[in-house]
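Report on the structure given below.
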C-alpha cells in the first residue's frame, strides 16, 4: 500500500464532516520579511510597529494575506489535491490580527456537495477557519472546488448547496479591538486620500507592474506549505509550465494597489473572487481597482470600502469581460473585498 | 602578497590538526522561514511551537539540516576550497536541537590523510563539530574529500585512514532531552503511519517533484555562508553551469519525503551519503526511500528507522545502480540516515 | 484625478524644503537572514551575537547596508521617480548601529537645485537622514539626481549648489559607542590581515564572482520597499530588460570583498559613489579594492581604512577608466568609503 497522500475524491466528502488539517505553523519576523521581499507590500500598519501602535494595536501585525495563505495552504492536501478547478470564495472574514509568535492551524467543515451532471466530478463547499494557539478563530472563508470522483459509478449524494452571502454587509465585518484612525499620519502612510475621497464607481489604474519569476512564486507557495505539485514540477503538465498559485497573484495585486490605495490598510472581508485565467512565469502582472461600495464603521476614524481588484497580464486597464460575458484572456483575478481606511 | 584565501592544499593537513572555522552565526526566525520557503519542509515538530511543546521540547527547533548546513558551510574555506571531490560522510550525529538565538560555529579535527597513487592529490578526513554559544556540541560528522597538492613533488605523508562505522548503532544516537511522542497528534502531523507501520525492505515513492531554479539554490547556499565559487559564478566552469551545492539536494529530498514519511520527525544520525551525480538548474528533483532497519529507543513513544533516501533527476523510482555497480546517471543523492518517529 | 503617485518634477523642489518619506519599517531577524541569503555577507560582527558582544556591542547589528537600503528605498517615490539619472553620493555617515526591532523612517532636506542648460531637466541635491523609533539619526547621506521638468517653460530657480566634502575626514566618522577591537578574534573573523597590514595604494582582487538572477535582485529591492518600476516590470523599458537597483550591486560587491577584507567590519562613511554602467540579470559581478587612505581612531583597537571598491561585469581587475577618462564599459560601481578594522 502506498504511504503517500492520494488526496480525497468527491465521494470522500459529506456535509457536516469536519477536517482538521495538518501542519500547524508558528509565524515569525521571517515570514513577515519574506512577504515584503516577495511582494511590493508597503501598507504602513504592517510595516511599522510604531505606526501600528499609533493606530491602537499592540504592534504591527502580519499582513492579512499571510494569515490567509497560511490557513489556505494547510487545506490543500485535504481539499484540492484532486481538484479540477477552484470555483469560488465567499464570506471571507478577518477576525483577529495575527502577530509574530502565533501558531496557526486550519479546520474545515464540509457545508455542501453536488455531483455534476457528467457523473465524473462534483462540487464540494467547505468553510475553513484558521485558529491560533489559543483556539481563537483568526479568519474564515468559504471555498468551493470541483473534485474528481474516484469511481464514476458511485451514486450521487443528495445535493446540498449552501446559501452564501453574495456580499458581506459592513456589519458582518470584525474590526480589530482598539483600532483607531483618528490620529492617522497620512504622510507616513504615503498618500493623502482618505475614505471621503473615494467615490462609488471610481476606477483606479495602479500603474505599476511586476514580471513574475519561477523562483519567486515557488518560494511564496512553499512558505505557506502549499505543496500542490502543479506549482513546482515542470514535468507535471504537458506544456512544461508551472502553474502559479492563485494566491500569489492575489498578494501581488493587493501590494501593487498600494499606489492609489495606500491607506486601505486592513483587509476586513472577502466577498468573492475568481482566478479568471492562469498565470505563468514571464507574465507581467498589473492591476486596477473599482470602488464598489462605501460604509461607515463603529470604530473611531475608520471607514470601509468595498473594492473590486482586478489583476491582468497585459491589455488596457478597466477591461474585464468580453461581449460573451466571459473574462478577457488577460484577466488573472477578479477579487471583491472590504478594506478599512481612515475617514 | 594576495590577501585572499587560496585555500589549503593536501600538504597543509596533518593528522591531529584542529581547525577553528570562521564565521560564527546567530540563527533566528529568519533562517527558519527561509528554509521553509526554499524547501517544502512540513515536519510538524519544526513548524509549530505548540506541536514541539506537546512533544516535550521547549519550542520548535530549527530543522536539523539548518544546523548541518550552517556547520558545514563554515568548513568550506578551510576544507574544500581546493577539493576535487566530496567523497563521503560518516558518523553524523545530531546531539542537541538548535533554537532561535543560538550562535553556531564549527571546528574540525584532521583524522586521516592518504596521498593518492597519482601523486597529484590526496584524501583528507575531518571530523567536524558544530558548537553553540555555550560550547555545547550540537552536531558532528566525518567527511572526506579529495584535495589537490600544491606541489606534486612534496613527499607523501604517512597514510592514516580512520576506522569509521559503516552504520551508527541505535545506541549511538542521541535523543533530545525530554522528547516524548506518547501524546503525538497524527492528524496535525499529517499522516497516520507510525513506526510499527514501516517494514524493513519497504520502498516508498515520494511522488512529488521540484524543478530547481538558479536563484533558489544560490539563496540557500549563501544562507549557510558557503561561498564556493562553483555554485555562484557562471563563468567559472567551462560549460557555463553553476554546480548546485549537494546540501541543497539533501534538503530538497528530505522535505519531499514528507509525503509518506510525515512522522519521521527528527534526523538523529547520518550513516553515509554520496552525491552520485551533479545537479543543475532545470533538473526536476524527486525522491524515494527504502527502509533499511528499525530499532526501539529508550525515549517514551519514540522509535527509530534507518532509511535510504535517494534523490533523482528523472527515470523511474527505485532504480539506483547499473549492472556495472555504478550509480545511474539520474541518481543525485544516496543518503543513509536515522530518524526518530512515533511508535 | 488619478490617485496614484506621479512623482515630483524639478519645479516641485525648493531649497530648504523638508520631505518626510513614507513608509516606516520595523526590521527583524527576517531582514537579516534575507540579506545573508541574497549576498555572500560574512563579516563576523553582523553574523554572530557572541562576536559582536566581544567587540563591545550589545548584540549583532543589522549589516550597515540594510540601514542604507531601507533609508534609501523610502526616498524613491519622492526623490527619484522621475529621475533621469542618479548622479552622485557624498557625506554618507553611519551614526548608530541598527538592531532587530528598530523602526526606521527617512527624511530629506533639499539642499540644492540647478536647472540644466537644456531647460528640460535639473539637478536636485538632498540630504537624507534615517531615523529610528527614538528619533535618533542612524545614518545620513547626500545624493543628487537629475530630474525632468514638468513644464519646460517654467522659469529656472536660482541655482544653489551645496559645498560638499569630497572626502570625509576620519574625525567626521562616528564610531559606535563601546566598540572595542582589543580582544578581536581573527580566527573566527576569517582572516589575519589587520589595519597595519594594509598599505595605501595596495590593490586587492577579491576573486569571487556571482552571476545575477532576476528573482534575487527583485527580492532585494522589494525588501527595501524600493518600488521603482524599472526594476520590476520587463515591459517598461524598450529593450525588455529590468534595470538592477544600484544598491544591489553595492551590497554584492561589499559582500564579495570579504575575501581579502574580512576584518573591514563596519562601514563608517561613504565619500562618494558612481553607478558607472547598468547591471542586468546574467551579468557576473566581481570586484576589486584599492586602499586610498589609512587613519587611526580614538576607539580601542580600531583603525580606519578609506577604500575604493570597484564592481565589474567582466574584464581584468584593476581597470577603471579608459584613455578618454570615462569608466570602462565593464565597470558597474566605483565606491569610495571608510571602514573600521582592528589595528
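One residue alone among B:48, B:2 is at the interface with another protein chain (Cβ under 9 Å from one of its Cβ atoms) and surrounded by 22 or more Cβ atoms within 10 Å (Cβ to Cβ), and that residue is B:48. What do you reckon, is residue B:173 more than 14 Å from every other protein chain (Cβ to nearest Cβ), touching a residue at least 12 places away in the same chain (Cβ under 8 Å), over 22 Å from residue B:47 (Cβ atoms) and in contact with a strand residue (DSSP E or B) (Cβ under 8 Å, 6 or more places away or on another chain)? So residue B:173 fits the description; yes.
When you look at residue A:300, is it in a loop (DSSP other than H, G, I, E, B), modelled with pLDDT of 95 or more and more than 14 Å from chain C (Cβ to nearest Cβ), yes or no? Yes, satisfied. Residues in the stretch A:221-234 that are within 14 Å of chain C (Cβ to nearest Cβ) and either in a loop (DSSP other than H, G, I, E, B) or without any contact (Cβ under 8 Å) to a residue 12 or more places away in the chain (or both): A:222 only.
Using the structure shown, decide if residue A:297 is under 23 Å from residue A:193 (Cβ atoms), without any contact (Cβ under 8 Å) to a residue 40 or more places away in the chain and either assigned by TED's automatic domain parsing to the domain that holds residue A:76 or touching a strand residue (DSSP E or B) at 6+ places or on another chain (Cβ under 8 Å) (or both). Considered against the rule, which asks whether it is under 23 Å from residue A:193 (Cβ atoms), without any contact (Cβ under 8 Å) to a residue 40 or more places away in the chain and either assigned by TED's automatic domain parsing to the domain that holds residue A:76 or touching a strand residue (DSSP E or B) at 6+ places or on another chain (Cβ under 8 Å) (or both), residue A:297 comes out as no. Annotation: residue C:143 fulfils all but one of (1) more than 16 Å from residue C:21 (Cβ to Cβ); (2) more than 14 Å from every other protein chain (Cβ to nearest Cβ); the unmet one is (1). Residues that are surrounded by fewer than 20 Cβ atoms within 10 Å (Cβ to Cβ) and either not in a helix (DSSP H, G or I) or not assigned by TED's automatic domain parsing to the domain that holds residue C:264 (or both) within the stretch C:194-210 comprise C:194, C:199, C:200, C:201, C:202, C:203, C:205, C:207, listed in sequence order.
In this structure, residue C:91 does satisfy being at positive phi, more than 13 Å from every other protein chain (Cβ to nearest Cβ) and surrounded by fewer than 21 Cβ atoms within 10 Å (Cβ to Cβ). Set side by side, the residues C:177, C:199, C:238 differ, and just one is at pLDDT below 95 and farther than 30 Å from residue B:38 by Cβ, which is C:238.
Being closer than 20 Å to residue A:339 by Cα, in contact with a helix residue (DSSP H, G or I) (Cβ under 8 Å, 6 or more places away or on another chain) and either in contact (Cβ under 8 Å) with a residue 24 or more places away in the chain or not in a helix (DSSP H, G or I) (or both) is a description that applies to residue A:141. Touching a helix residue (DSSP H, G or I) at 6+ places or on another chain (Cβ under 9 Å), without any contact (Cβ under 8 Å) to a residue 40 or more places away in the chain and not in a helix (DSSP H, G or I), is that true of residue A:306? For residue A:306, the condition - touching a helix residue (DSSP H, G or I) at 6+ places or on another chain (Cβ under 9 Å), without any contact (Cβ under 8 Å) to a residue 40 or more places away in the chain and not in a helix (DSSP H, G or I) - is not met. None of C:242, C:237 is within 14 Å of chain B (Cβ to nearest Cβ) and in a loop (DSSP other than H, G, I, E, B) except C:242.
Checking every residue in the stretch B:250-270 against the condition of being in a strand (DSSP E or B) and under 16 Å from residue B:333 (Cα atoms) gives at least one match. Scanning the stretch C:211-220 for residues that are touching a residue at least 40 places away in the same chain (Cβ under 8 Å) and either buried (at least 24 other Cβ atoms within 10 Å of the Cβ) or more than 7 Å from chain B (Cβ to nearest Cβ) (or both) gives C:212, C:214, C:216, C:217, C:219, C:220.
If we keep just the residues of the stretch A:271-285 that are away from chain C (no Cβ under 14 Å) and in a strand (DSSP E or B), which is surrounded by the fewest Cβ atoms within 10 Å (Cβ to Cβ)? In this case the residue turns out to be A:274. List the pairs whose first member sits in the stretch A:309-337 and is on the phi > 0 side of the Ramachandran plot, whose second member is surrounded by 12 or more Cβ atoms within 10 Å (Cβ to Cβ) and in a strand (DSSP E or B), and whose Cβ atoms are under 7 Å apart, counting only residues at least 6 apart or on separate chains? Between residues of the stretch A:309-337 that are on the phi > 0 side of the Ramachandran plot and residues that are surrounded by 12 or more Cβ atoms within 10 Å (Cβ to Cβ) and in a strand (DSSP E or B), the close pairs are A:318/A:203; A:318/A:288.
Residues are listed down the side, and each one gets a yes or a no for (1) more than 14 Å from chain C (Cβ to nearest Cβ); (2) crowded, with 24+ Cβ neighbours inside 10 Å; (3) in contact with a helix residue (DSSP H, G or I) (Cβ under 6 Å, 6 or more places away or on another chain):
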| residue | (1), (2), (3) |
| --- | --- |
| B:17 | no, no, no |
| B:33 | no, yes, yes |
| B:37 | no, yes, yes |
| B:44 | yes, yes, yes |
| B:54 | yes, no, no |
| B:66 | no, no, yes |
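Scanning the stretch C:94-121 for residues that are more than 14 Å from chain A (Cβ to nearest Cβ) and under 23 Å from residue C:166 (Cα atoms) yields C:94, C:95, C:96, C:109, C:110, C:111, C:112, C:113, C:114, C:115, C:116.
One line per residue, one yes/no per condition, for (1) within 18 Å of residue A:150 (Cα to Cα); (2) in contact with a helix residue (DSSP H, G or I) (Cβ under 6 Å, 6 or more places away or on another chain); (3) surrounded by fewer than 24 Cβ atoms within 10 Å (Cβ to Cβ):
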site	(1), (2), (3)
A:71	no, no, no
A:76	yes, no, yes
A:85	yes, no, yes
A:101	no, no, yes
A:105	no, no, no
A:119	yes, no, yes
A:124	yes, no, no
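Annotation note: Cβ proximity below 6 Å between a residue of the stretch A:121-135 that is not assigned by TED's automatic domain parsing to the domain that holds residue A:108 and a residue that is part of a strand (DSSP E or B) and surrounded by fewer than 19 Cβ atoms within 10 Å (Cβ to Cβ) (sequence gap 6+ or interchain) occurs for no pair. Among the candidates C:295, C:262, C:253, the residue that is within 16 Å of residue C:342 (Cβ to Cβ) and buried (at least 22 other Cβ atoms within 10 Å of the Cβ) is uniquely C:262. In the set (1) in contact (Cβ under 8 Å) with a residue 12 or more places away in the chain; (2) under 30 Å from residue C:283 (Cα atoms), residue C:183 fails one condition alone, (2).
The values are calculated or read from the model by the stated rules, or taken from the named source; none is laboratory data. From a predicted model like this one, the values you see are computed outputs, not experimental measurements. FYI the Cβ positions are ideal-geometry reconstructions off the backbone, even for glycines, and counts take in every protein chain you see.
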